[in-house]
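Please treat every number below as a calculation from the coordinates, not as lab data. The shown structure was predicted, so the numbers you read here are calculated from the model rather than taken from an experiment. With ideal geometry, Cβ positions are generated from the backbone for all residues, glycine too; neighbour counts draw on all protein chains shown.
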Amino acid sequence: MELWGQVLTPEGLRSGKLVFDSRIEGFTPGKAPERFVLPGFIDLHVHGGAGADAMEGEAAVRRLARFHARHGTTALLATTVTAPHDDLKKALIGIEAVRLDRAPGEARVLGAHLEGPWISPDRLGAQPPYARPPEQGEVECLLEAARVRVVTLAPELEGALDLVRLLASRDVRPQIGHTAGGFEDARAALEAGATGFTHFYNAMTGLHHRAPGVVGAGLLLARFAELIADGLHVAPEAARLLFKNVPGSYVVTDAVAAAGMPDGRYPLGRYRVEKRADGVYLEDGTLAGSTLTMDRALLNLVSWGDSLEEASARLSKLPAAYLGLTDRGAIAPGKFADLVVLSQDLEIEEVYVEGERIDPQDAA
């Protein structure tokens, strides 16, 4: 197959022809249409979409993977919420089934992001109230149920640092989030092997000049952090501050089942949340995930001051680097042909997942 356009190569945007099958075969410079060919987006924190919640099992994971593929996400981590053990195990079994057997039209599910249950009961955000300290038996059981790639945890919990060390030894990325801890708790977790921060700024202790908190630890010490770039969870100026201090910061959607749906009530684990306009909320007004898609996140980043190349890196190159992926995240020979074709106005025209063309207009 061939695509002509302004292709984002490792050397920058270049006009020409891209040749690929399931993987990139080569690039030839030449005069091409004024449209952009970018690496496919990689979303490392997504709960749902098109009415489906990852906690509901395999069919729901497939539905959300189809939905997000049509918005440029070519690979993702299906993300759980804090829940009773049996609910989590069931969800992970469904995620693993999709990881092992991608169907046509779906984004590639790389594995699971466990957002909890080992988080602070005082910083639940929109998480259901099943937070608990880590227990060895449960940890092992959940890690055996699926390919878990990321775990969000609160470092101040009893046993949390031992959990960080265990996860790091299993090639799982421990992330600091949903935490009431302070600067020293975050620093201890980073020293033990924590690698990132979950939805930076949200559900963590903020920055004060006499108590720098987890936010202060991230701004000073982090190499990577995820950010929800919907303009509701974090102000654009705060996003710029993070990007300046943590160059490895990447974008996630934290999308829930309400993404792509009309206003109404939708599942989030054992909760029901309400979509109103572009936001999703609990009954008390707490933000409960987002309706963001990665194509919209790209537009937001560009409007906040990123170049197209910088914005693309935060949606592709940097999340791939964070997970240690060498076969995705850039357009280069040998890598999977995960591609997003955008108009001059940065609207999606075509999407390719491992060389398979996905029509953005098809129903998910």
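Summary value for the chain: 21 percent relative contact order, contacts being C-alpha pairs under 8 angstrom separated by 6+ residues. Put simply, the amide H of H45, placed in the peptide plane, has neighbours under 5 Å in L77, T253, D254, leaving out anything fewer than 5 places away on its chain.
Evaluated with a Cβ-only charge set (Lys, Arg +1; Asp, Glu -1), the chain carries a dipole of roughly 380 debye about its Cα centre, given to the nearest 20.
Relative to one another, the C-alpha centroids of the range 211-261 and the range 324-364 are positioned 24 Å apart. Working note: Karplus 6.51/-1.76/1.60 with θ = phi - 60° gives the range 289-303 the couplings x, 9, 10, 5, 10, 5, 5, 5, 4, 4, 4, 4, 4, 5, 5 Hz, where Gly and Pro are set to x. Shown in residue order for the range 90-105 are the 3J(HN,Hα) couplings computed by the Karplus curve 6.51 cos²θ - 1.76 cosθ + 1.60 at θ = phi - 60°: 4, 4, 5, 4, x, 4, 5, 4, 6, 4, 7, 8, 5, 9, x, x Hz (x for Gly and Pro).
Here, P(r) means the percent of Cα pairs in each 20 Å bin from 0 to the largest distance; for the chain it is 32, 59, 9, 0. Dipole of the chain computed with +1 at Lys/Arg Cβ and -1 at Asp/Glu Cβ about the Cα centre; of G48, T198, P117, farthest Cα towards the positive end is T198. When the chain is modelled as a GNM with alpha-carbon springs shorter than 10 Å, which of A337, A321, A131 fluctuates the most? Looking only at A337, A321, A131, the biggest GNM fluctuation is shown by A321. Within the straight-line cut-off of under 14 Å between alpha carbons, the aspartates and glutamates reachable from K17 are E2, E25, E34, sequence neighbours fewer than 8 places apart in one chain being disregarded. Taking other C-beta atoms within 10 angstrom as a stand-in for reagent exposure, Y130, Y322 fall in the order Y130, Y322, fewest first. Straight-line cross-link reach from K244 at under 26 Å between alpha-carbon atoms covers these lysines, not counting any fewer than eight positions away in the same chain: K317. Between the amide H of E354 and those of A337, D338, L339, distances stay under 5 Å, these residues lying 5 or more places away or on another chain, with hydrogens modeled in the peptide plane.
Listed by Cβ neighbour count within 10 Å, with the fewest neighbours leading, L64, L77, L161 appear as L161, L77, L64. Rounded to two decimals, the Cα-based Rg/Rh of the range 1-83, with Kirkwood Rh, is 1.14. Taken over the Cα atoms of the range 28-162, the convex hull encloses 150 Å³ per residue.
Express as a percent, rounded to the nearest 5, the fraction of DSSP beta bridges in the chain (both residues included) that run antiparallel.
Working: 38 of 63 bridges.
Close to 60 percent.
For E349, the residues whose amide H sits under 5 Å from its own are V341, L342, S343, ignoring neighbours fewer than 5 places away on the same chain, with H placed 1.01 Å from N.
Across the range 149-166, rounded Karplus estimates of 3J(HN,Hα) from the backbone phi angles (6.51 cos²θ - 1.76 cosθ + 1.60, θ = phi - 60°) give 9, 9, 10, 8, 8, 9, x, 7, 5, 4, x, 5, 5, 5, 5, 4, 5, 4 Hz, Gly and Pro being marked x.
Convex hull volume of the Cα atoms of the range 114-242, normalised per residue: 105 Å³.
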